[in-house]
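Written below as structure tokens is the structure these notes are about.
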Amino acid sequence: MKKVYIKTYGCQMNERDSEAVASMLRERGYLITRSENDADVILLNTCSVRDLAEQKAIGKMNLLAQLKRRRPELVLGYMGCMAQSRGESLVKKQPAVDLVVGTQRFHHVAEYLDKLFSRNGGASVPLAIDSPQNGHNRDGRATEPKFSIIDIAEEPGSESTIRDHLFGTNGDRQVTAFVSIMQGCDMYCTFCIVPYTRGSERSRPIAEIVEEVERLVTYGVKEVTLLGQIVTSYGRQNIRKRNGKSAFVQLLEAVHEVRGLERLRFTSPHPKGFGDDLVRAYRDLPKLCEHAHLPAQSGSNRMLRAMNRGYTREWFMDVVEKLRAARPGIAISTDVIVGFPGETDEDFEQTASLMRELDFDQAYIFKYSKRRDTPAAEMPEQLSDKVKEERNQIALQILNERLLRKNRALVGQTLEVLVEGRSEKGGRRMLGRTRTNKIVVFDGSERHKGQLLPVRIERATIAALYGDPAIHLL
């Protein structure tokens, strides 16, 4: 039985894609391993949102190529966004690579591995194959032709292929699960490569998604997170509004009705998707966790226009105010980009003041990374790495001060925690999350996994809350 190791870079969409590929491979007779050391196949599921993610994957593949010199039978492959955007060039620059599969062709990975192992791989997959090239050993003798399978084609209906889950792998029980509801993005923010790597928006039917959630619940899943590049754009191409409710809110209501489901989340949205119907959903749907992720990206209207975000600072602040009124205690997280082309000191200060005024519960702060073939990459006034780093540190300081204050304010409170499993540090420590997406660590045992426990918070850091074991052991 061939063993496959998958390493995932990037977002939750990539994590979900990797899980689906692993499940398909297991059904095909492959064994999914947690160690690359004994793997027959190593696949890198890649991200293109920032240059650093691409460079990490390329550097990793260079190391694996050295391993392949000692183990020539080892199969190496790229999947995902970087595979989609770079395609054949990856094989040309890294000849050790055997497989390159784009974002709409994940469900063919098992088939292609079969072909590679049977040594028929190259000749039988049209429009997806790198030409065989003769190589030579050091002594000048010809080697066998090298075949690499390269498939970055578009495929109608691919949005419905990411629905397999790894139930019971290695004896683990799933407590939470990601559910992919759509693929693609039509927003075309000037800094973002995703519309080019993931394609246009394509949504799955509501009934199909509900059936997947129902199946997850039968396996013990208590919480699902609905995933999409712009999850709030779900169904806007083919599902009509009903009673003033968008397709996405209709989906939330349908999933909310699944018996046995305890919690519902979604990511990643666009602020423009937070209409009054979605705000009301936070008020009316108890299973919808009181946590909303709203990527602001900037607090400067000038920068928002340059980014093609489609809203103003004032509009964004109004959405946050409506959410907090509809669901008191809701946690608001955001994304922020510092160092966008042309960002002045005044523009950055407006971003910093937005972070202070809205007092976010979490923020993911990124230094602008130039992505090829995006409008922002060609903009004048590209900022230096030094300026980006200075602004990044200021934003992090603002964030960390607020995180520590907010977390310390929870000390002494008893919070509902969904226990997800053991803490990475092991021992008796278990880890779970509050409804507002705070990480909580406490002493416990495996029998608590999957339970909703009241945990009294005794200590807080920037990163996590720590609970009183006397509460959860009762």
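The values are calculated or read from the model by the stated rules, or taken from the named source; none is laboratory data. Remember, predicted model here, so these are calculated numbers, not experimental data. FYI the Cβ positions are ideal-geometry reconstructions off the backbone, even for glycines, and counts take in every protein chain you see. Just so you know, the surface numbers come from the protein's heavy atoms only, side chains and all, with ligands and any DNA or RNA stripped out. Shrake-Rupley method; radii C 1.70, N 1.55, O 1.52, S 1.80 Å.
Cβ-Cβ distances below 6 Å connect the following pairs, each with a first residue in region 388-416 that is under 21 Å from G329 (Cβ atoms), a second residue that is open to solvent by 80 Å² or more (accessible area, probe 1.4 Å), and a separation of six or more residues or different chains: T414/R456. When the strands (runs of 3 or more DSSP E) confined to region 1-109 are screened for residues that are of a type in the set (K, R), those reaching at least 2 such residues are found at 3-8.
Candidates are the residues of region 172-228 that are among the small types (G, A, S) and not in a loop (DSSP other than H, G, I, E, B); the one that is farthest from G339 (Cα to Cα) is A207. Residues in region 210-246 that are open to solvent by 20 Å² or more (accessible area, probe 1.4 Å), closer than 30 Å to H448 by Cβ and either modelled with pLDDT of 95 or more or out of contact with any Phe, Trp or Tyr (no Cβ under 8 Å at 6 or more places or on another chain) (or both): 8 in all.
Given the condition under 27 Å from V221 (Cβ atoms), open to solvent by 30 Å² or more (accessible area, probe 1.4 Å) and without any contact (Cβ under 8 Å) to a residue 40 or more places away in the chain, answer yes or no: does some residue in region 260-277 qualify? No, there is no match, as no residue in region 260-277 is under 27 Å from V221 (Cβ atoms), open to solvent by 30 Å² or more (accessible area, probe 1.4 Å) and without any contact (Cβ under 8 Å) to a residue 40 or more places away in the chain. Counting only residues that are within 21 Å of K367 (Cα to Cα) and out of contact with any strand residue (DSSP E or B) (no Cβ under 9 Å at 6 or more places or on another chain), which one in region 186-195 is surrounded by the fewest Cβ atoms within 10 Å (Cβ to Cβ)? Here the residue is Y188. Comparison of L251, L227, L216 shows that the only residue that is in contact with a His (Cβ under 9 Å, 6 or more places away or on another chain) and in contact (Cβ under 8 Å) with a residue 12 or more places away in the chain is L216. M379 meets all of the listed conditions (1) in contact (Cβ under 8 Å) with a residue 60 or more places away in the chain; (2) in contact with a Gly (Cβ under 8 Å, 6 or more places away or on another chain); (3) closer than 19 Å to A395 by Cβ but one, namely (3).
The residue list P286, P295 contains one member that is assigned to a loop (DSSP other than H, G, I, E, B) and either under 29 Å from E349 (Cβ atoms) or in contact with a Leu (Cβ under 8 Å, 6 or more places away or on another chain) (or both), which is P295.
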